[in-house]
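The values are calculated or read from the model by the stated rules, or taken from the named source; none is laboratory data. Treat the numbers as computed from the prediction; the structure is a model and nothing was measured. Please note: Cβ atoms are built from the backbone with ideal geometry, for glycine as well, and neighbour counts cover all protein chains shown. Quick note on the areas: whole protein, heavy atoms, side chains included, nothing else; ligands and nucleic acids left out. Shrake-Rupley method; radii C 1.70, N 1.55, O 1.52, S 1.80 Å.
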Amino acid sequence: MRDLTLMTNIEDLRQVCYRNVPKMFYEYVDTGSWTQRTYHENHSDFKPIKFKQKILVDMANRTLETKLLGKTAKFPAMTAPVGFMGMMWADGEIHMARAAQKFGIPFTLSTMSICSIEDLVEAGIEPFWFQLYVMRDRDFMKDLIRRAKDAKCSALMVTVDLQVLGNRHRDIKNGLSTPPKFTIPNLINLSTKIPWGLRYLKNRRWTFRNIAGHAKNVSDLSSLSSWTKEQFDPSLNWSDIEEIKNLWGGKLILKGIMLPEDAEDAVKHGADAIIVSNHGGRQMDDTISSIKALPDIVSAVADKTEVWIDSGFYSGQDMLKAWAMGARGVMLGRAPVYGLGAYGEDGVTRALQILYDEMDTTMAFSGHRNIQNVTSDILIPGTYPTPILRG
């Protein structure tokens, strides 16, 4: 293992991840839908936002500590529910969960994970958050909620922007599947990923274990692929959210809010937190970036629920910009997954440390020691998006 302190930014980890991970799984993480304009603008829209630099203030004893759903977190971050994580690194969800929880932030397990809810419990992972996709098979959905309760998951996150699947060109071209289909292009690519392959020779987890063996008529891998394509439910609506809230009975997070009126409806239906998110540019294309959507949503509901954000975060500087604009948490997807694909649990830890250090140092340069005192005053007026009054 090389000295990971030489990995000085997320881009360094991304490059190692690119070399390590089979193309279909790397591109599942590192691409968007259709033209990918929204995917790119999620990141590029941070660039015009500029900090003020404040000098000769006491910068000692700094803290980024905050609370997320009432629990203390080392900094305002949590890991995102990324599907196929266990194909980036063998047992990837377990490695990600251990790194996140040791670092002091929440971990979120995806419905479309390779390691199951029960696998994480068996591995001794502390209570984690579980992300729910609403399926046509409502009995299966209810059983997922029951299993999350049995695992003592501390929050349920419902992804609300995936009623239908965005057109993800690279996934189609790559024939994305788990385990990989042994086509000639895939075999050629896999032949260059020897360490990855050796890890999987010793691993028993190759499929979506939250689904296989639990959902009706899914007994083998061939039936699983067609089932997942058919199961996302285009009829999902607010009455379903109310039912899920009642079934769950605990903390509820809604992920995929991009409009203030939807944020207001989320509050009405009992959301304890919402995530301003366009799914990392992997669903609707040619919509605005999450950071541009943030101000109106903060203005509408920040006094009624916790407002968090995801999509496009590769630096602690951008995390601090989002905090200054009113987000009280940042959900990290690609950045720690690059670390996972590069070096497993150690790579995730390094990614989180990079983001923490960047956020902490930038806060100091902005003249603050405590994240709770940071407001939009640290930003140059006119460089950052502000709320647009609605008629």
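Below is a table of values for the structure above.
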| item | result |
| --- | --- |
| Wholly within segment 1-54, helices (runs of 4 or more DSSP H) carrying at least 2 residues that are modelled with pLDDT of 95 or more and farther than 21 Å from Pro180 by Cα | 10-20, 37-44 |
| Which numbered condition Thr38 misses (of (1) free of Cβ contacts under 8 Å to residues at least 24 places away in the same chain; (2) touching a Ser or Thr at 6+ places or on another chain (Cβ under 6 Å)) | (1) |
| Among the residues listed as Lys67, Lys23, the single one being over 25 Å from Ala293 (Cα atoms) and basic (Lys, Arg) | Lys23 |
| Pair list, Cβ under 9 Å, 6 or more apart: segment 278-306 residue assigned to a helix (DSSP H, G or I), other residue open to solvent by less than 20 Å² (accessible area, probe 1.4 Å) and of a type in the set (Asp, Glu) | His279/Asp310; Gly280/Asp310; Ser290/Asp310; Ile291/Asp318 |
| Any hit, segment 147-163, residues being within 24 Å of Gly341 (Cα to Cα) and open to solvent by 30 Å² or more (accessible area, probe 1.4 Å) | no |
| Pairs, first part of a helix (DSSP H, G or I) in segment 231-244, second open to solvent by 20 Å² or more (accessible area, probe 1.4 Å), C-beta under 7 Å, six or more apart | Gln231/Arg136; Gln231/Asp137; Trp238/Asp265; Trp238/His269; Ile241/His269; Glu242/His269 |
| Any hit, segment 63-83, residues being basic (Lys, Arg), at pLDDT below 95 and open to solvent by 40 Å² or more (accessible area, probe 1.4 Å) | no |
| Residues within segment 164-183 that are buried (at least 19 other Cβ atoms within 10 Å of the Cβ) and of a type in the set (Val, Ile, Thr), tallied | 1 |
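Yes or no, residue by residue, for (1) among the hydrophobic types (A, V, I, L, M, F, W, C); (2) more than 25 Å from Glu261 (Cα to Cα); (3) open to solvent by 40 Å² or more (accessible area, probe 1.4 Å); (4) assigned to a helix (DSSP H, G or I):
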site	(1), (2), (3), (4)
Ala322	yes, no, no, yes
Arg328	no, no, yes, no
Leu340	yes, yes, no, yes
Tyr356	no, yes, no, yes
Asp360	no, yes, no, yes
Pro387	no, no, yes, no
